[in-house]
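Since the structure comes first, as structure tokens, the remarks are kept for the end.
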Amino acid sequence: MENPSPAAALGRALWALLLATLGAAGLPRGGESVCSARAPAKYSITFTGKWSQTTFPKQYPMFRPPAQWSSLLGKCSPLLAFCSTRRAASDCRAPAVCGSGGAVGTGGGHGDSGLQVSFVVRIVPSPDWFVGVDSLDLCDGDRWREQAALDLYPYDAGTDSGFTFSSPNFATIPQDTVTEITSSSPSHPANSFYYPRLKALPPIARVTLVRLPQSPRAFVPPAPVPPSRDNEIVDSASVPETPLDCEVSLWSSWGLCGGPCGRLGAKSRTRYVRVQPANNGSPCPDLEEEAECVPDNCV
């Protein structure tokens, strides 16, 4: 088995630390109900990426690297056992193998806090953005939930100060708190998720957990899926389109006023397109403007 590089090990350690601090992040989470389910339960997890050039056209990464997802890093509370799916793709399916004895989790008797699942998946490329779930409780009183599904939205881990997908690494000192990224926050036109026409961003991913049927045989965890070399996201024509309005620069200074003596002349100024419109967004306005003036140096 190939040993991970020091950089890769450090990266996994940082994301594990982030996962341990998600309790204050406001991510989708379950309640604190007491679980009295006694039989063990196993779940499969399906992570479906909805990040595409159609739904998120602004600054969509096309190369170096193209849009993709990291591996899934998760834990099962209160056992705090970590698991990881190694496939990084827009539609990544793998059985969850957190817990003791190979099962996803067990009720263990009355008074147990049940199985709470947390995970993060990093948005690549990005400064420190991710999607995730915090402490999703799969126990409902005296029984396990048959299925749970949640839409996921982007979050900022608070460790890097970049605004765009391809921003260079610029550490946030001191480290900020984990915050949700919305269509208007951060309120800056350079932000890759800034869509002021939208009241809310469409979901960037969805996770579904389905309880697996019980088997008299012991549960054998599946073999880890090797990392995929082709983890680029494939755009889908079936997703809703997000309109992207044209964005232009400020006007330049007025040029010199030219014209014959004794008559009005003309001067002009220009601006340029910062963001091309997409998906029926507002078209670009005029990029050049003229105005009458009195010539300074007439001939």
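Bear in mind that the values in this text are calculations on the coordinates, not laboratory data. Treat the numbers as computed from the prediction; the structure is a model and nothing was measured. Glycine also receives a Cβ, built like all others from the backbone with ideal geometry; neighbour counts cover every protein chain displayed.
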28 Å Cα-Cα reach of Lys58 towards lysines, excluding residues that sit fewer than 8 places from it in its own chain: Lys50, Lys199
Anchor Lys42: lysines whose Cα lies under 21 Å away (excluding residues fewer than 8 positions away in-chain): Lys75
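Net charge within 10 Å of Asp156 by Cβ-Cβ distance, Lys/Arg positive one each and Asp/Glu negative one each, not counting Asp156 itself? Walk me through the numbers on the way to the answer.
Working: positive: none; negative: Asp128, Asp160, Asp176, Glu180.
Within the 10 Å Cβ shell, the charges total -4.
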Under Karplus coefficients 6.51, -1.76 and 1.60, residue-wise ³J(HN,Hα) of the stretch 40-51 in Hz, glycine/proline x: x, 9, 10, 10, 9, 10, 10, 9, 10, x, 10, 6
Mean projected area in nm² (Cα convex hull; one quarter of hull surface) for the stretch 247-293: 3.6
